[in-house]
Amino acid sequence: MTAINLLLLLLLVVMTWIGAFGGYFLKKASSFNINMERKAFMLRLLSGVFLYGVSAILNIVALKFLPYTVVFPLTAITYIWTMLISYLLLKEQISMRKIIGVLLIVTGAFVLVG
């Protein structure tokens with residue numbers, strides 16, 4: 001694997017990580033009463049939108065250099081970050097069923113790419 005390909009794969013991992021954090025901030029925004037806590041709501045909302053936007057731009061960059069059939073399936077890595085963020089930061093319960101589901105999705109994505 002060339003250094004360029006490694007950088008592009010790293011870009012994909014970073015893109016999915018940023019996108020997952022975008023979702024995290026949107027989830028946090030949803031917990032505020034917009035009328036009472038407008039500033040806190042807007043901060044989380046804008047953070048989430050910004051991170052989603054950065055992730056989308058990185059996705060476009062990746063698509064310039066890699067086939068769509070590689071980039072899109074590898075975005076399934078987002079499910080891993082989402083599960084970790086949900087567990088660590090949102091204190092959500094992660095069942096074995098959810099873990100198996102994410103593993104199946106990610107495995108399927110790598111089968112498509114490989």
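The values are calculated or read from the model by the stated rules, or taken from the named source; none is laboratory data. This is a predicted model, so every value here is computed, not measured. Positions of Cβ are generated from backbone atoms using ideal geometry, with glycine treated the same way; all protein chains shown enter the neighbour counts. All accessible areas refer to the heavy atoms of the entire protein, side chains included, with ligands and DNA or RNA removed. Shrake-Rupley method; radii C 1.70, N 1.55, O 1.52, S 1.80 Å.
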On the formula 1/(1 + (r/R0)^6), with r taken between the Cβ atoms of residue 33 and residue 90 and R0 of 22 Å, the FRET efficiency rounded to 0.05 is 0.75
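What do you reckon, how do 61, 70 stack up by accessible area (1.4 Å probe), largest on top?
So the residues, ranked largest to smallest area, are 61, 70.
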Taking placed amide H atoms and a strict 5 Å upper bound, the residues 5 or more places from residue 37 or on another chain that come that close are none
Mind jotting down the three principal axis lengths of the chain based on Cα atoms? Whole angstrom, largest first. 52, 34, 19
What is the calculated FRET efficiency for residue 69 to residue 40, with r their C-beta to C-beta distance and R₀ = 41 Å, to the nearest 0.05? 0.50
If we sort 5-18, 71-84 on the protection proxy, mean other Cβ atoms within 10 Å, highest first, what's the order? 71-84, 5-18
Which whole-number percentage describes the relative contact order of the chain, with Cα contacts under 8 Å and a sequence gap of 6 or more? 31 percent
Charge dipole of the stretch 1-91 about the Cα centre (unit charges at C-beta), most positive-ward option of 3, 49, 59: 49
What is the spin-label model distance, in nm, from residue 61 to residue 7 if the labels are put 7 Å beyond Cα along the C-beta direction? 1.0 nm
Report, in degrees rounded to the nearest 10, the 0 to 90 angle that the Cα long axis of helix 77-88 makes with the longest principal axis of the chain. 40 degrees
Starting at the first residue of the stretch 92-100, write each ³J(HN,Hα) from the Karplus equation 6.51 cos²θ - 1.76 cosθ + 1.60 with θ = phi - 60°, in whole Hz, x for Gly and Pro. 7, 7, 10, 7, 4, 4, 5, 4, 4
Point-charge dipole on Cβ atoms (K/R +1, D/E -1) for the chain, about Cα centre, debye to 20: 280 debye
